[in-house]
Amino acid sequence: MIQLSNQGVYLLRNEMVVEETDIERLNGRLGEMPNKAEAKKGTMTYSILKAHNTVEDMEQLSLKYDSMTSHDITYVGIIQTARASGMKEFPLPYVLTNCHNSLCAVGGTINEDDHMFALSAAKKYGGIYVPTNMAVIHSYNREMMSGCGRMILGSDSHTRYGALGTMAVGEGGGELAKQLVGRTYDIAYPQVVAIYLTGEPKKGVGPQDVALSIIGKVYDCGYVKNKVMEFVGPGVKNLPVEYRNGIDVMTTETTCWSSIWTTDEKVKDYFTLHGRPEAYQTLSPEDVAYYDGCVYVDLSKIEPTIAMPMHPSYTYTIKELQDNAADILHLVEERANSQIAKTAHLDLMSKLHKDGHIYVDQGIVAGCSGGTYDNVCAVANILDGQSCGNGTFKMSVYPGSMPAYLELVKNGSIAKLVEAGVIVRECFCGPCFGAGDTPANGEFSIRHTTRNFPNREGSKPGEGQMAGVALMDARSIAATARNGGRLTAATELDMEDMIPDYHFDGGVYEKRVYNGWGKPEPEAELKFGPNIKDWPAMPALSEDLLLNVVSHITDPVTTTDELIPSGETSSYRSNPLRLAEFTLSRKDPEYVGRAKKVLVLEQAREVGEPMDATVQSVYETLRASGLSVDPQNTVIASTIYANKPGDGSAREQAASCQRVLGAGANLAMEYATKRYRSNCINWGMLPFVVQSADVVENGDWVFVPGIRKILLEGGQEATAYAVRNGNVTTFPVFLGQLTPSERQILADGCLINYYRSQM
């Protein structure tokens, strides 16, 4: 079904894969042996990155994007950062969508206040404003902004338009702010992995089944981490474009950096249908292209798949789960409960009924992955003339855009859904991050959405509230709904997956979307609601640094949702200090209080108040160990330890909330994603890597002398001194690869300080 190459491969004429060690055997057939260095330039990735690189060096890239996009959890902070850094107008098309905090009753007026801020910013700076419930962020960008050979940068981790020939990258807000002030996105040239597709999916198997199967194979081993996934091979032509989009958007869950697909007549038809034929060009690797690895995917052998709580990589085929229900449910339940607060308990065993079947309580098809036109039509076909029942099970469908919604009304799909008892909702990303269709305590939800991390379903385990989410394809969710909540694979039904032709009506957008690109109005006033606050001042890095460990997390992975919960807390995202009150609240409720105590110590130091007795004792211990200390010129900051922080969302708040509470660094064995590490850097937190979780404990003080000099002189390693109970131990901390500008950003204390120093 899916196999991973253990070496590099050559792709010949986009048809045949030859592993690197076998290439010599084909010498006679190939003629001249391929040159590996030249063959690396044969990928689609190379040509697109070269076209967007602003320097000659293709090893260290400095990229400028064609357009950017943000939604209403992230755009206020980005624009505020860019304003503080000297931005006068948007230098590239910038799409501001309103699909996350669309429930404007949550938090009083503050959500709609942010939307009005965005509209005023679009007018003042020349942006594109997509009103609430008009489209989810990625549906709009697919329909209106993608293009073959283009690059798009978004402040949402699922910014992926590779199936449309567009290399798209999800990043933290700091990277978007850099583009807004005319700077570049700097990154080492990434490795490229071929995703070689063959065969054709069987009836009832959908894009989420393919995506989850790939994720389950590559996530744990990090096979594509921070790399580009390049979809090639004869199987691509067997997939409709929306099917490809559904696979592509889920590549984020592999922790890859970006993705790109070969294009064909189907993609050409997509752009023509959307009134943008000029956006198409044929993309394909050169006749000989070298890849750093290969994922072989036989589409014909993919089965309906489910990702169990609480990660998209916890995958089983639905048949495997059905055949081993008790064992798998027990295993998943135990693993899930080890990830959540001890005040709550996920109960999955109760979902196994006496008849031997698993029953779920809710089905959701939504967002950029589930709410595509093709998926919703498939659900409507399966439920045509059927009923979801009037028991515990309930189901909602969220189309991805209003043009798609309109066509679903015209072709009768919406009527089929409503007649079957499905609730059809607006274009909204809420179910993906815990702010829409939250299940009841103890319920189990199956969703064609992007994630099933802890709390993504809206749970508050710290308050004893716990529900579970599994990811599935829309087709199998519809099959389950048809059986009243009994878990069912779509392949168990005798069904026709006939999708009516789609007719795009761009007038829906023309009537409501404000497009001010290239037409800024500098005299326009920004509209500030009472919750929109400026970023607080943040100190520059001192020569030496004293850190207090205020949270020590040894879970295998710590997600951004655990660092800063999503859901209703994100209503406060435009108020840095208010949002920071929720930092780690569902993982370590004591974190905020501990961090604030350290912040008070730093604030006292800055104004020359007498030194706290605890800090004084730490310095005395360090002096007794022979170290030279200068308390008046040493910033005191908090830090957390986590084995592998930052999986998931691109939201910069996962880092900025720590920073506004006085954090100066993270300690980690590794960083789950490039984007979270970049967020730490852009907010002035040193991304330290350590060799073991045992080097520190919660409450330890960590002294890092000479760190500013090491940082600015290009050093990679420093010696840290941990103080615990009057004893000092040493351990190395590693900075990893940093560009010169990243080093200066860290030295200045954050991206805003860095730009202000240059103004």
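The values are calculated or read from the model by the stated rules, or taken from the named source; none is laboratory data. Treat the numbers as computed from the prediction; the structure is a model and nothing was measured. FYI the Cβ positions are ideal-geometry reconstructions off the backbone, even for glycines, and counts take in every protein chain you see.
How many residues does segment 454-483 hold that are part of a loop (DSSP other than H, G, I, E, B) and more than 16 Å from Val397 (Cα to Cα)?
9
Looking only at strands (runs of 3 or more DSSP E) that lie completely in segment 177-237, which have at least 1 residues being under 22 Å from Leu164 (Cα atoms) and among the β-branched types (Val, Ile, Thr)?
192-198, 228-232
Which strands (runs of 3 or more DSSP E) does segment 631-741 wholly contain that include 3 or more residues that are more than 30 Å from Tyr572 (Cβ to Cβ) and in the same structural domain as Ser570 (by TED's automatic domain parsing)?
So the answer is 701-704, 717-724, 727-734.
Looking at (1) crowded, with 16+ Cβ neighbours inside 10 Å; (2) closer than 21 Å to Ser62 by Cβ, find the lone condition where Gln737 falls short.
For Gln737, the exception is condition (1).
Of the residues Val267, Val295, Val288, only one is closer than 27 Å to Val557 by Cα and touching a strand residue (DSSP E or B) at 6+ places or on another chain (Cβ under 9 Å); which?
Just a single option satisfies the conditions, and that option is Val295.
Any residue at all in segment 323-340 that is crowded, with 24+ Cβ neighbours inside 10 Å, assigned by TED's automatic domain parsing to the domain that holds Asn455, closer than 27 Å to Thr559 by Cα and under 26 Å from the mean Cα position of the chain (by Cα)?
No, there is no match, as no residue in segment 323-340 is crowded, with 24+ Cβ neighbours inside 10 Å, assigned by TED's automatic domain parsing to the domain that holds Asn455, closer than 27 Å to Thr559 by Cα and under 26 Å from the mean Cα position of the chain (by Cα).
Here is a list of conditions, (1) out of contact with any strand residue (DSSP E or B) (no Cβ under 8 Å at 6 or more places or on another chain); (2) without any contact (Cβ under 8 Å) to a residue 40 or more places away in the chain, and Ala325 meets all of them except one; can you say which number that is?
(1)
Among (1) more than 24 Å from the chain's Cα centre (by Cα); (2) surrounded by fewer than 19 Cβ atoms within 10 Å (Cβ to Cβ); (3) closer than 21 Å to Trp683 by Cβ, which single condition is Leu541 missing?
So Leu541 meets the others, but not (2).
Among the residues in segment 53-73, are any modelled with pLDDT under 95 and over 27 Å from Val295 (Cα atoms)?
Within segment 53-73, one or more residues are modelled with pLDDT under 95 and over 27 Å from Val295 (Cα atoms).
Out of segment 715-753, which residues are free of Cβ contacts under 8 Å to residues at least 60 places away in the same chain, closer than 30 Å to Leu176 by Cβ, out of contact with any Pro (no Cβ under 8 Å at 6 or more places or on another chain) and not charged (D, E, K, R)?
Those that are free of Cβ contacts under 8 Å to residues at least 60 places away in the same chain, closer than 30 Å to Leu176 by Cβ, out of contact with any Pro (no Cβ under 8 Å at 6 or more places or on another chain) and not charged (D, E, K, R): Gly715, Gln716, Phe734, Leu738, Pro740, Gln744.
Please pick out the residue among Tyr125, Tyr94 that is in contact with an Asp or Glu (Cβ under 7 Å, 6 or more places away or on another chain), of a type in the set (Ser, Thr, Tyr), under 17 Å from Gly173 (Cβ atoms) and at pLDDT 95 or above.
The match here is Tyr125.
Tell me, please, whether a residue that is in contact with a Lys or Arg (Cβ under 6 Å, 6 or more places away or on another chain), surrounded by 24 or more Cβ atoms within 10 Å (Cβ to Cβ), within 30 Å of Glu89 (Cβ to Cβ) and not β-branched (Val, Ile, Thr) can be found in segment 172-183.
The answer is yes; a qualifying residue exists.
Which one of the conditions (1) under 30 Å from the mean Cα position of the chain (by Cα); (2) closer than 30 Å to Thr254 by Cβ; (3) assigned to a loop (DSSP other than H, G, I, E, B) does Gly518 fail to meet, given that it meets all the rest?
(2)
Residue by residue through segment 490-525, note down the ones that are aliphatic (A, V, I, L, M) and assigned by TED's automatic domain parsing to the domain that holds Lys416.
Selection gives Ala490, Leu493, Met495, Met498, Ile499.
Taking segment 601-628 as the region of interest, how many residues are β-branched (Val, Ile, Thr) and either surrounded by 14 or more Cβ atoms within 10 Å (Cβ to Cβ) or touching a Pro at 6+ places or on another chain (Cβ under 9 Å) (or both)?
3
Take the residues in segment 76-132 that are more than 21 Å from Pro522 (Cα to Cα) and buried (at least 23 other Cβ atoms within 10 Å of the Cβ), then tell me which one is farthest from the chain's Cα centre (by Cα).
Looking at residues that are more than 21 Å from Pro522 (Cα to Cα) and buried (at least 23 other Cβ atoms within 10 Å of the Cβ), I get Asn111.
Can you tell me which residue within segment 447-469, out of those that are closer than 18 Å to Asp647 by Cβ and among the hydrophobic types (A, V, I, L, M, F, W, C), is modelled with the lowest pLDDT?
For segment 447-469, the residue satisfying everything is Phe453.
Out of all the residues in segment 239-264, which are out of contact with any strand residue (DSSP E or B) (no Cβ under 7 Å at 6 or more places or on another chain) and either assigned by TED's automatic domain parsing to the domain that holds Ser146 or not hydroxyl-bearing (Ser, Thr, Tyr) (or both)?
Result: Leu239, Pro240, Val241, Glu242, Asn245, Gly246, Ile247, Val249, Met250, Glu253, Asp264.
Just to be sure before I move on: is Gly646 free of Cβ contacts under 8 Å to residues at least 12 places away in the same chain and small (Gly, Ala, Ser) in the structure I sent?
no
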